[in-house]
Ligand code: GAR
C-alpha cells in the first residue's frame, strides 16, 4: 500500500554531464507523477550541462571542485565528507546518481544506505563500468538495457530496483544503442523515485521487493 507523504520527498541529484536523466526526474515531478522536490543538483564538473538545467528550473545548483582534495591519501573520502555536509544541510532523503562519473566512497554509501540510487546503461550485473554499450555489441548480445540500483561500495553492484531491456540491432553503433537505452532510462529512473517516495521499496539482502508490483510475464525475444 503506497504511503501518503506529509511532505514531498527531498531529493538531491548528483550529475557530471548533460543531465538528461535529471531532466526526466524534473519532468516526472512537474507532471505530478512523483511526489518529490529536488533540493540540490550537485556536480564535480563545473561545466556540466546538468547544472545549467538546474538553474533553468530555479533549482539550487552547486559545483564541488575535486581539485582542492587531490593529492591527499583520503581525497575521495574528503570530497564525499564535503558533499555529505551539503546533503545533510539540505535534509536530503534520497540521493540520485544521474550520470555521476565519480566513484562514491563508504562515507556517502553508509550515510545513505538504501537511500541512494544509480542509473546505469546496461543490464547489470553484465557490463559494469564504462563504454558498456560498445561492450554489449562487441560481446554479441541480442539484448541490452538499463538498470536502476541502490548504491553500495562495489561499483555498479548494489541491489537492483528496476531494469528495462531493448534489442541490439545488427547495424547498431554504440551511439544508436545508447540512444535506444536512454529512452528507457528516462522511464525507469523517475519510476524508481516514485516507488521510493511511495515507500514501496524493501531491500532484502541482494533483492529489492516492490510492494504491489505488477508482474510482467512477457518474454522479450531478440531477434523475434
Ligand atoms: C546515462 O546513460 C547513464 O546511464 C550513464 O551516464 C549517462 C548520463 O546521461 N551512467 C553511467 O554510465 C554510470 N555508470 P545524462 O547525463 O544525460 O543523464
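The values are calculated or read from the model by the stated rules, or taken from the named source; none is laboratory data. Everything quoted here is computed from the prediction, not taken from an experiment. Positions of Cβ are backbone-derived with ideal geometry, glycine not excepted, and every protein chain shown enters the neighbour counts.
Applying the condition of being assigned to a helix (DSSP H, G or I) and away from the ligand (no atom under 13 Å from the Cβ) to the range 131-165 and asking which residue is surrounded by the most Cβ atoms within 10 Å (Cβ to Cβ) yields 137. Evaluating residue 186 against the criteria (1) touching a residue at least 60 places away in the same chain (Cβ under 8 Å); (2) assigned to a loop (DSSP other than H, G, I, E, B) leaves one unmet condition, (2).
Here is a yes/no grid of residues against (1) at pLDDT 95 or above; (2) crowded, with 18+ Cβ neighbours inside 10 Å; (3) over 20 Å from residue 190 (Cβ atoms):
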| site | (1), (2), (3) |
| --- | --- |
| 62 | yes, no, yes |
| 73 | no, no, yes |
| 78 | yes, no, yes |
| 88 | yes, no, yes |
| 96 | yes, yes, no |
| 99 | yes, yes, no |
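Listed by position, the helices (runs of 4 or more DSSP H) enclosed by the range 1-96 that each have at least 1 residues that are within 15 Å of the ligand (Cβ to nearest atom), within 15 Å of residue 119 (Cβ to Cβ) and touching a strand residue (DSSP E or B) at 6+ places or on another chain (Cβ under 9 Å) are 20-30, 49-56.
Selection of the range 104-123 for residues being within 13 Å of the ligand (Cβ to nearest atom), part of a loop (DSSP other than H, G, I, E, B) and under 13 Å from the mean Cα position of the chain (by Cα) yields 104, 121, 122. Considering (1) surrounded by 10 or more Cβ atoms within 10 Å (Cβ to Cβ); (2) more than 22 Å from residue 97 (Cβ to Cβ), the lone condition that residue 216 does not fulfil carries the number (1).
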